[in-house]
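Trainee: Got a structure for you, written out below as structure tokens; questions coming shortly.
The values are calculated or read from the model by the stated rules, or taken from the named source; none is laboratory data. On a predicted model such as this, the values are computed, not experimentally measured, just so you know. Virtual Cβ from ideal backbone geometry, glycine too; neighbours counted across all protein chains shown. Ligands, DNA and RNA are excluded from the accessible area calculation, which covers all protein heavy atoms including side chains. Shrake-Rupley method; radii C 1.70, N 1.55, O 1.52, S 1.80 Å.
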Amino acid sequence: VVQTIRGGIEVNATQTASRLMTVEFNSPANMLARVCLPLFGAPHASTSLAVDNLHVAGEVDGDYLCADDLGSGGHVVTMLR
């Protein structure tokens, strides 16, 4: 749990053997989140994410693939191949 002035953000990250990441998080009310998953040195391996089981285009930011403007509440973000 990471504390903010609006409350705690709960985060659970898991990685599969194929180096795919899944991040589950729950953020307080009235917040927008930017979630970034590591690319592990393969910057063009994937540019797609699943956010709450919906496919979205991710934004490459350095060594990370990011999803922006995720509203408050619980979300699951997974990198897709």
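Trainee: Would you pick out the residues in the stretch 24-81 that are of a type in the set (S, T, N, Q) and in contact with a Pro (Cβ under 8 Å, 6 or more places away or on another chain)? First the steps, then the outcome.
Mentor: Just the residues of the stretch 24-81 that are of a type in the set (S, T, N, Q), to begin with: 26-27, 30, 46-48, 53, 72, 78.
Matches in the stretch 24-81: Ser72 only.
Trainee: Kindly list, by first and then second residue, each pair from a residue in the stretch 47-63 that is under 14 Å from Val76 (Cα atoms) to a residue that is open to solvent by 60 Å² or more (accessible area, probe 1.4 Å) and of a type in the set (Phe, Trp, Tyr), limited to pairs with Cβ atoms under 8 Å and residues at least 6 apart or on different chains.
Mentor: Close Cβ pairs (under 8 Å, with a partner that is open to solvent by 60 Å² or more (accessible area, probe 1.4 Å) and of a type in the set (Phe, Trp, Tyr)) do not exist here.
Trainee: I would also like to ask the following. Would you say Ala29 is more than 13 Å from the chain's Cα centre (by Cα) and under 15 Å from Gly71 (Cβ atoms)? Walk me through how you get there before you give the answer.
Mentor: Working: more than 13 Å from the chain's Cα centre (by Cα): yes; under 15 Å from Gly71 (Cβ atoms): yes.
Yes.
Trainee: Next question, about the same structure. Which of the strands (runs of 3 or more DSSP E) contained wholly in the stretch 2-81 include at least 2 residues that are open to solvent by 70 Å² or more (accessible area, probe 1.4 Å)?
Mentor: Values: elements: 2-4, 7-15, 21-27, 33-38, 48-51, 54-57, 59-61, 64-70, 73-80.
Counting at least 2 such residues, we get 2-4, 7-15, 54-57, 59-61, 64-70.
Trainee: Where residues in the stretch 1-36 are among the charged types (D, E, K, R) and closer than 24 Å to Glu59 by Cα, which of them is modelled with the lowest pLDDT?
Mentor: Among residues in the stretch 1-36 that are among the charged types (D, E, K, R) and closer than 24 Å to Glu59 by Cα, the one modelled with the lowest pLDDT is Arg19.
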